[in-house]
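Notes follow once the structure below has been shown.
The values are calculated or read from the model by the stated rules, or taken from the named source; none is laboratory data. Since the model is a prediction, treat every value here as computed from it, not as a measurement. Virtual Cβ from ideal backbone geometry, glycine too; neighbours counted across all protein chains shown.
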Amino acid sequence: MLLGGETAEMPGFYADGEYDIAGFIVGVVDREKIIDGRAIAPGDVVLGLPSVGLHTNGYSLARKLFFEIAKFAPDLYLKALNATVGEALLHPHLSYLPVLEDLLDGGLIKGLAHITGGGLTENIPRILPEGTGVEIQLGSWPVLPIFKVMQEIGNVAEAEMFRAFNMGVGMVIIGAEPDAAKIKTHAKSAGEACYQIGRVTRGGQTVSYVR
């Protein structure tokens, strides 16, 4: 796939005459093992696997905040980040397969949401069946310093932060409440933290945030 010129998704990224080559992966899954979210029901728990940074989304806003508004240089060390700005922005995307692969055939996962562009606010609703919503408990997981720094630089509204960035949660797992402990234990055995960040409620396929 060839992309060229300025795009709505990545403003300021491609200069005139520059092109990028992007690839994709095609997978196959048995029909009966597809996790499509249809089994999600009120009372289910929402678990979050942590991210290590922006992962693959939010860079247009991040560049504006760090380089245009704050006028930082990429090699500027920020104590709050324990890294230079460039290093913090270039943390590679995590692969969640080592945590998830042994759970996929166990019947413990009702829904999975990869938290990319749109953040928790727009990605979780994509897997919710009609009549359900999700309530996220703020403060139930550690928000990475980079997001706090960006919010302070631009005085960005909290709602916009949760729409533009993953806010420290890279993958969401939805499962039945009795299975939550098993999922957390498995994640821990795979060397990954797993936070219970919310609950499925009755609603209109939206995400709300409570303190």
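Is it fair to say Glu122 is closer than 20 Å to Ser51 by Cβ, among the acidic types (Asp, Glu) and out of contact with any Asp or Glu (no Cβ under 6 Å at 6 or more places or on another chain)? Spell out how you get there, then give the answer.
Values: closer than 20 Å to Ser51 by Cβ: yes; among the acidic types (Asp, Glu): yes; out of contact with any Asp or Glu (no Cβ under 6 Å at 6 or more places or on another chain): yes.
Criteria met by Glu122.
Restrict the check to the stretch 16-23 and report whether at least one residue is in contact with a strand residue (DSSP E or B) (Cβ under 6 Å, 6 or more places away or on another chain), hydroxyl-bearing (Ser, Thr, Tyr) and modelled with pLDDT of 95 or more. Don't jump to the end; show me each part of the working.
Here is the first cut: in the stretch 16-23, the residues in contact with a strand residue (DSSP E or B) (Cβ under 6 Å, 6 or more places away or on another chain) are 19-20.
This time we only want the ones that are hydroxyl-bearing (Ser, Thr, Tyr), so: 19.
Then drop every residue that is not modelled with pLDDT of 95 or more, which leaves none.
No, there is no match, as no residue in the stretch 16-23 is in contact with a strand residue (DSSP E or B) (Cβ under 6 Å, 6 or more places away or on another chain), hydroxyl-bearing (Ser, Thr, Tyr) and modelled with pLDDT of 95 or more.
Could you please find all residues in the stretch 171-186 being in contact (Cβ under 8 Å) with a residue 24 or more places away in the chain and farther than 16 Å from His114 by Cα?
Within the stretch 171-186, the first condition is being in contact (Cβ under 8 Å) with a residue 24 or more places away in the chain, and the residues that meet it are 171-177, 179-180, 182-184, 186.
Residues satisfying the conditions are Ala176, Glu177, Asp179, Ala180, Lys182, Ile183, Lys184, His186.
Please find, among Gly118, Gly168, the residue that is under 15 Å from Cys194 (Cα atoms), touching a helix residue (DSSP H, G or I) at 6+ places or on another chain (Cβ under 7 Å), crowded, with 17+ Cβ neighbours inside 10 Å and in contact (Cβ under 8 Å) with a residue 12 or more places away in the chain.
Values: Gly118 fails: under 15 Å from Cys194 (Cα atoms).
Exactly one of Gly118, Gly168 is under 15 Å from Cys194 (Cα atoms), touching a helix residue (DSSP H, G or I) at 6+ places or on another chain (Cβ under 7 Å), crowded, with 17+ Cβ neighbours inside 10 Å and in contact (Cβ under 8 Å) with a residue 12 or more places away in the chain, namely Gly168.
For Gly204, state whether it is at pLDDT 95 or above, part of a loop (DSSP other than H, G, I, E, B) and not hydroxyl-bearing (Ser, Thr, Tyr). Quick ask: steps written out before the conclusion?
Numbers: at pLDDT 95 or above: yes; part of a loop (DSSP other than H, G, I, E, B): yes; not hydroxyl-bearing (Ser, Thr, Tyr): yes.
Yes: the conditions hold for Gly204.
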